[in-house]
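Here's the structure we're looking at; comments come further down.
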Amino acid sequence: MPGSSGKPQPARAEKPSLQELFEEEEQALVRYGYSLTGRRAIAEELVQEVFLQLHLHWDTVENPKAWLFRSVRNRAYNHHRDNKRELFTKDGDRQPDRETEPKESPEKLLQRMEAAGFLRLLLAELEDVDRRLVELKYFEDLKYREISDETGLSIGNVGYRLHHILKQLAEKLRQAGIDGTGIES
């Protein structure tokens, strides 16, 4: 179709239906919500809420995919803010926070949450063996000898692989603009 200059204009992408959008983006949104909250049930709840809101505002939203991701991020931030006094035990049970944490600006908190979420996504992309090494060392707090016993790798190989995994993760974080403090530069 010619435009005012007489040249053909690129065809405008047609907006998908809400059902198509849900089928295409639900899992990615749940993963994103999980990366921000660390809890799958919360992430699924957030995604349901944003799809309901999108349904209500469907006619006014020009870029539904971007709107959905932004809404999940905002709701994850709101959830974190509203529940910041809760801590969770390893098995997911709630525990009241007895420590008083220094106040953090909403911007810095959001940056830190996004950095943590990005790191979770990077960990999910690791090969199973490498992800297991990171989990054993940094989430289960095992020593190299215990990791060696668990995995069958030599102690030296455990140290070598963990060192290189961490270097790769740090480089990917730097490329994403996230420095060592978890704050985008």
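Filter the range 25-61 for residues that are in contact (Cβ under 8 Å) with a residue 40 or more places away in the chain and either on the phi > 0 side of the Ramachandran plot or of a type in the set (Asp, Glu) (or both) and give the result.
Glu25, Gly38
Looking only at the range 56-65, decide whether some residue is within 19 Å of Arg31 (Cβ to Cβ), modelled with pLDDT of 85 or more and touching a Gly at 6+ places or on another chain (Cβ under 7 Å).
No; the residues of the range 56-65 include none that is within 19 Å of Arg31 (Cβ to Cβ), modelled with pLDDT of 85 or more and touching a Gly at 6+ places or on another chain (Cβ under 7 Å).
Can you tell which of Arg131, Arg145 is closer than 17 Å to Phe118 by Cβ and of a type outside the set (A, V, I, L, M, F, W, C)?
Arg131
Taking the options Leu68, Leu87, Leu110, name whichever one is surrounded by 12 or more Cβ atoms within 10 Å (Cβ to Cβ), modelled with pLDDT of 90 or more and not in a loop (DSSP other than H, G, I, E, B).
Leu68
The values are calculated or read from the model by the stated rules, or taken from the named source; none is laboratory data. Model, not experiment: these values are computed from the prediction. Every residue, glycine among them, receives a Cβ derived from its backbone with ideal geometry; neighbour counts consider all protein chains shown.
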